1. Kindly provide the set of residues from region 74-96 that are modelled with pLDDT of 90 or more and either small (Gly, Ala, Ser) or open to solvent by 70 Å² or more (accessible area, probe 1.4 Å) (or both), ordered by number.
2. Where the second residue is outside any helix (DSSP H, G or I) and open to solvent by less than 50 Å² (accessible area, probe 1.4 Å) and the first is of a type in the set (Phe, Trp, Tyr) and lies in region 170-194, which pairs have Cβ atoms under 7 Å and are six or more apart or on separate chains?
3. Based on what the data block shows, is Ala139 of a type in the set (Gly, Ala, Ser) and at pLDDT 50 or above?
4. Scan region 61-70 and tell me whether some residue there is part of a strand (DSSP E or B), under 23 Å from Val110 (Cα atoms), of a type in the set (Gly, Ala, Ser) and modelled with pLDDT of 90 or more.
5. Could you say whether any residue in region 90-103 is touching a Leu at 6+ places or on another chain (Cβ under 8 Å), in contact (Cβ under 8 Å) with a residue 24 or more places away in the chain, more than 17 Å from Gln162 (Cα to Cα) and not in a helix (DSSP H, G or I)?
6. In region 196-206, is there at least one residue being modelled with pLDDT of 80 or more, open to solvent by 70 Å² or more (accessible area, probe 1.4 Å) and under 22 Å from the mean Cα position of the chain (by Cα)?
7. Please give the number of the condition Val50 fails out of (1) assigned to a loop (DSSP other than H, G, I, E, B); (2) modelled with pLDDT under 90.
8. Output the residue which, of all residues in region 17-54 that are in contact with an Asp or Glu (Cβ under 7 Å, 6 or more places away or on another chain) and farther than 29 Å from Gln97 by Cα, is most open to solvent (accessible area, probe 1.4 Å).
Amino acid sequence: MANETTPVRAGAVNVPLGHVIGNEKWKGSPIAQGMQGKVKLILEDGLGIVDFHLSNRTCILYISEADLVAGNGFKRRLVRFRNASSLQGIVIVERTQISGQYFPAVQKFVALELGMTLLPVASQGEAAQLIIQLVQEQAKDKASNPFLNQKGPRLLEASVFQTVQQIPGVGKTKALLLLEQFGNIHQICNATLQELEPVVGRAVAQQIHTFFTQTK
């Protein structure tokens, strides 16, 4: 497991299409085994705190059940990554019967405070299937995936749009309305109930306001 002395090394890595470059520590794990025959996994030492690189712009940071139960060490790791990297980091979190109690706070920290994409899984096997799906999506014809044809700002907008959708009660339409009205996640977080209500209605405004105030 990454610790305070693990180098960040969160720069771009040249990943061939259809491949995943993974941290050597995952050798023999259920994640590595689950990818066999589906994508080409190359394990390398020296990736630092990053677990898997899916492309030269996108990487995975994996938070296990043990990481969540152990305390806040994983938070320091994610902050180090966010401060040192220009990559799009996707955080995969094990949401199990044991770690489920920690998930709401983790969701707020990852998605809303750090602005990173969070994807929950029940096991490493499920994580492997998710990574395979992400790699296959990236390998599709670029013409069918508008996000792959856009420059950095569009990718950032897509990431923020996806993050806002993770707020309870907010789907694609309301996420779009919120971003059009408030501009960014920070402004949504600090909006009053009276400011939210005209945009998304009373019920959803109450959900959003409760979500932010009870976890502050």
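1. Result: Arg76, single match.
2. Phe182/Ala191
3. Details: of a type in the set (Gly, Ala, Ser): yes; at pLDDT 50 or above: yes.
So Ala139 passes the test.
4. Filtering region 61-70 down to residues part of a strand (DSSP E or B) leaves 61-63.
Narrowing further to those that are under 23 Å from Val110 (Cα atoms): 61-63.
Narrowing the set further to residues that are of a type in the set (Gly, Ala, Ser) leaves none.
No, the conditions are met nowhere in region 61-70.
5. Yes; the residues of region 90-103 include at least one that is touching a Leu at 6+ places or on another chain (Cβ under 8 Å), in contact (Cβ under 8 Å) with a residue 24 or more places away in the chain, more than 17 Å from Gln162 (Cα to Cα) and not in a helix (DSSP H, G or I).
6. Taking every residue of region 196-206 in turn, none turns out to be modelled with pLDDT of 80 or more, open to solvent by 70 Å² or more (accessible area, probe 1.4 Å) and under 22 Å from the mean Cα position of the chain (by Cα).
7. With (1) assigned to a loop (DSSP other than H, G, I, E, B); (2) modelled with pLDDT under 90 applied to Val50, the lone miss is (2).
8. Asp45
The values are calculated or read from the model by the stated rules, or taken from the named source; none is laboratory data. Just so it is clear, the model here is predicted, and its values are computed rather than measured. Note that we place each Cβ from the backbone using ideal geometry, even for glycine, and neighbour counts take in every protein chain shown. Note: areas computed on protein heavy atoms with side chains; ligands, DNA, RNA excluded. Shrake-Rupley method; radii C 1.70, N 1.55, O 1.52, S 1.80 Å.
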